[in-house]
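Read the structure below first, then the notes.
The values are calculated or read from the model by the stated rules, or taken from the named source; none is laboratory data. Everything quoted here is computed from the prediction, not taken from an experiment. So basically every Cβ, Gly included, is an ideal-geometry build from the backbone, and we count neighbours across all protein chains shown.
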Amino acid sequence: MTEDNRRQNLAAELRKGEQSLRAAQALLGLGLWDDAVSRAYYAALHFVRAVLFSAGLEPKSHAGAHNLLYMSFVRPGLLSQDLASRFAALQKYREQADYAAELSLDEAGARAEVGQAAELCRSLGAWLAERGFRG
């Protein structure tokens, strides 16, 4: 991955993350709790992928993104364990929202998870900006 390619991919992930977060917030307004949580997770995933691209890492799966985040950023102390834990929790709720037909989040739960995703995206965006990856 070239430096130019890395920066282009990183910027594309941030755009997709911001779009997914706006979609999650719009879905909250429509009362579509499970869909809002699913989009919120994808917002966080795109921001995590942007962080990974900042180091030239390209995950091949959802689990790969979490593992690379932990091994390359949390374990060395570049990002907090709390961020990785919030990302993992969002992934769990996304899977529940998308695949567990008998389980459904209520409004309070959905709003809390979308809020967690928004905070995670803000934190990761700030981290990237501090390192010159976001203007």
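Within region 1-15, the set of residues being surrounded by 13 or more Cβ atoms within 10 Å (Cβ to Cβ) and of a type in the set (D, E) comprises E13 only. Determine the pairs where a residue that is of a type in the set (D, E), located within region 8-24, has a partner that is assigned to a helix (DSSP H, G or I) with Cβ atoms under 6 Å apart, the partner being 6 or more residues away or on another chain. Sorted first by the residue in region 8-24, then by its partner, the pairs are E13/H46; E13/R49; E13/A50.
Any residue in region 52-61 that is out of contact with any Pro (no Cβ under 6 Å at 6 or more places or on another chain), in contact (Cβ under 8 Å) with a residue 40 or more places away in the chain, under 14 Å from L128 (Cβ atoms) and aromatic (F, W, Y)? Within region 52-61, one or more residues are out of contact with any Pro (no Cβ under 6 Å at 6 or more places or on another chain), in contact (Cβ under 8 Å) with a residue 40 or more places away in the chain, under 14 Å from L128 (Cβ atoms) and aromatic (F, W, Y).
Residues in region 82-102 that are aromatic (F, W, Y) and either modelled with pLDDT of 90 or more or surrounded by fewer than 16 Cβ atoms within 10 Å (Cβ to Cβ) (or both): F87, Y99. The single residue among L69, L105, L120 that is under 14 Å from the mean Cα position of the chain (by Cα), under 19 Å from S20 (Cα atoms) and crowded, with 16+ Cβ neighbours inside 10 Å turns out to be L120. Among the residues that make up region 47-58, is at least one of them at pLDDT 95 or above, closer than 14 Å to A24 by Cβ, surrounded by 13 or more Cβ atoms within 10 Å (Cβ to Cβ) and of a type outside the set (S, T, N, Q)? Yes: one or more hits. Applying the set (1) under 23 Å from Q19 (Cβ atoms); (2) touching a helix residue (DSSP H, G or I) at 6+ places or on another chain (Cβ under 7 Å); (3) of a type in the set (G, A, S) to A126 leaves exactly one unmet item: (2). Would you check if A97 is in contact (Cβ under 8 Å) with a residue 60 or more places away in the chain and either within 29 Å of D35 (Cβ to Cβ) or of a type outside the set (G, A, S) (or both)? Criteria met by A97. Would you mind stating whether R122 is in a helix (DSSP H, G or I) and of a type in the set (K, R)? Yes.
Using the structure shown, decide if E18 is surrounded by fewer than 17 Cβ atoms within 10 Å (Cβ to Cβ), among the acidic types (D, E) and more than 19 Å from A126 (Cα to Cα). When the stated conditions are applied, E18 does not pass them.
A Cβ distance below 6 Å, combined with a sequence gap of six or more or placement on separate chains, defines the contacts here; from region 28-40, residues that are aromatic (F, W, Y) reach residues that are surrounded by 20 or more Cβ atoms within 10 Å (Cβ to Cβ) and assigned to a helix (DSSP H, G or I) in the pairs W33/A110.
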